[in-house]
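All remarks here apply to the structure that follows.
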């Protein structure tokens, strides 16, 4: 085993997923076990170590080839020092996770936040493979993101690079308040939550729409209705697509990426959504910054975080 | 002379300015001579070589210490290959400038566009010294810019990174067309040209303003009138400041810089302008992406391009 290998860890509130990657960003195999969040910090960190050693048994040539273990975590992190300051769904409070895990594993460890790590995974080993400059959106409950320039993850001054959901894109008169406190954030219109809110508003104000007969409206129902010709649903999708395209036009003249990668539940709407975004993006972007730029779907799904965590040693 | 030195060249249509920098970004000395644009490409390139050798005489220990010569040029460039494809105010058409200058000087040569190079100069040796993540605006006839992340100039996929003047920020109903063909670009409201246009519009439609008695309105007259209490002029400055702050709020959640640096003629309005921009920026940016971020004036003036060209060897 002369080629270096990298382990990625996706630390979630319910499950810990670990994966082994080669230096090209290929995911070689996976292992998964329970987080046991209720048992506290020490157990969680021991579980990570145990699952990593289950994935790659110590003493084997593969173990010797592992050059580092990366961990993706949802929370506030002191990334350079490897400290988990706070996490909403894990009991960590100012835990020096990097140092503890390096002692447990005898390997270099890096930590980073889950959205950045997922973006890096897509850029390195997924839909951005071979492309040096990518911007990734995750369209789920909120809108997350990550920026990869010259092949490397951009963190920013206070770790806020790629917080694309909080770009203010909706004009003042149409804007509503975002969970972050600002008005008109992208997340208020282009997340699953935003799409569901617009659908419920349409039903409540009595718009003629088939969504009035759906008991529990999810984003998928809105897209399905729009594809079936429901005009109210079509307006909602157009709005979600418009502001995504508008945010991309702004990004195009800031960092000028070659590729936008869209993942998360909302992106499953496919070309019906993507075509509308592409049209807006081309319309709002100077030609020289949009020519040759593509907007594509993410490929790695739930494994993006594992691959990206492994990639922290080569691409962060 | 054990420490490496770097030469920067600011190639303009009228003058060629060359400067010597150390590895810390200090400008040690300058030399300037005429471009002689009318004499054609060969003469211009010979002039660059002659002025560089005037600045640092070959055979001296300093010459031996020169690790590279960087050149900033206004035009369309093939940066990796060092080719000047087209320049509006110089007679270059597909000239392999990097290769020719390397032969003339016997030193490594890099070329890059003037806006990027000026931004890099400010970030490296000017108002961004010691700050790894900076975004620079040049507020002149147009609005230019440049992005420096992790201490390095960002070029983007097609060299359009930092084209901040073409971010669409003005709401559709208020937008006018930009020279680039798009609607509502920052440049239409926050450049000197935009400010003058808004002032002339105010005068023409009969707004009560002291600007009506100014024969040749420039941006400075608008700022002076605003500072003197002219309400029409104050509205124009507020508008220019608002859209600058709004564009910075968008940038804050994309690349999350620590510092915004504003140069060019319009920036000479000083804190009267800057305070308004700061207020809008803080209002429109999530707190965690605006905390500790400052908005400051450029320091190097016309020397920014020389310093940045020298910096291409360490920071691009």
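For chain A, the longest principal axis of the alpha carbon atoms and the long axis of helix A:304-315 meet at an angle near 60°. Region B:229-268 and region A:1-66 have their alpha-carbon centroids 47 Å apart.
DSSP beta bridges fully contained in the protein assembly as shown are about 60 percent antiparallel.
Alpha-carbon geometry of region A:11-114: the Rg and the Dmax are 13.1, 38 Å, given in that order.
Shielding by partners for peptide B:125-135, expressed as the average number of C-beta atoms from other protein chains within 10 Å of each residue's C-beta, is 1.
Please state the shape class of region A:215-316: rounded when a/c is under 1.5, otherwise prolate if a/b exceeds b/c and oblate if not, all from the C-alpha gyration tensor. Taking the square roots of the gyration eigenvalues as a ≥ b ≥ c, region A:215-316 is oblate. Distances between copies of residue A:265, taken at a point 7 Å out from Cα along the Cα→Cβ vector and listed shortest first: 5.4 nm. When both bridge partners sit in chain B, DSSP labels roughly 60% of those beta bridges antiparallel. Footprinting exposure proxy ranking of B:185, B:178, fewest other C-beta atoms within 10 angstrom first, gives B:178, B:185.
Extending 7 Å from the Cα toward the beta-carbon at both residue A:220 and residue A:43 defines two label points whose distance is 3.3 nm. Working note: Cα gyration tensor of region B:131-298, eigenvalues times five, square-rooted, sorted largest first, giving semi-axes of 28, 17, 14 Å. In a fully extended conformation the segment linking residue B:129 and residue B:22 would gain 37.1 nm over its present Cα-Cα distance, using 0.36 nm per residue.
Helix B:271-284 and the longest principal axis of the Cα set of chain B meet at an angle near 80°.
Solvent-free Debye calculation, one equal scatterer per alpha-carbon of region B:70-186: log10 I(q)/I(0) at 0.10, 0.17, 0.21 Å⁻¹ equals -0.36, -0.93, -1.19. Does chain B classify as rounded, prolate or oblate by the C-alpha gyration tensor (a ≥ b ≥ c root eigenvalues; a/c under 1.5 gives rounded; else a/b over b/c gives prolate, otherwise oblate)? The shape class here is prolate.
Within region B:131-298, DSSP assigns beta bridges of which about 55% are antiparallel (rounded to the nearest 5). Orientation-averaged projection of the protein assembly as shown equals 32.4 nm² [convex hull of Cα atoms, one quarter of hull surface area]. Inter-copy label distances at residue B:208, shortest first and taken from points set 7 Å along Cα to Cβ: 5.1 nm. Averaged over the residues of A:144-151, the number of partner chain Cβ atoms lying within 10 Å of the residue Cβ comes to 3.
From most to least packed by mean Cβ count within 10 Å, the peptides A:150-162, B:84-96, A:289-301 give A:150-162, A:289-301, B:84-96. Ordering A:38, A:163 by the number of other Cβ atoms within 10 Å of each residue's own Cβ, fewest first, gives A:38, A:163. Among B:10, B:26, sorting on how many other beta-carbon atoms sit within 10 Å of each Cβ, with the fewest leading, yields B:26, B:10. Inter-chain Cβ neighbour count for A:282-289, averaged per residue, equals 6 (cutoff 10 Å, partner chain atoms only). Helix B:192-204 and the longest principal axis of the Cα set of chain B meet at an angle near 30°. Distances, shortest first, from the label point of residue A:158 to those at the same position in the other copies read 3.5 nm; the point lies 7 Å along Cα to C-beta. Each stretch of four or more DSSP H residues adds -39500 (n - 2.57); spread over every residue of chain B, this sum gives -11500 deg cm²/dmol at 222 nm.
Since every read-out is calculated from the coordinates, none of them should be taken as a lab result. Bear in mind that the values here come from a model prediction, so they are computed numbers and not experimental data. Cβ coordinates were reconstructed from backbone atoms using ideal geometry, including for glycine residues, and neighbour counts include every protein chain displayed.
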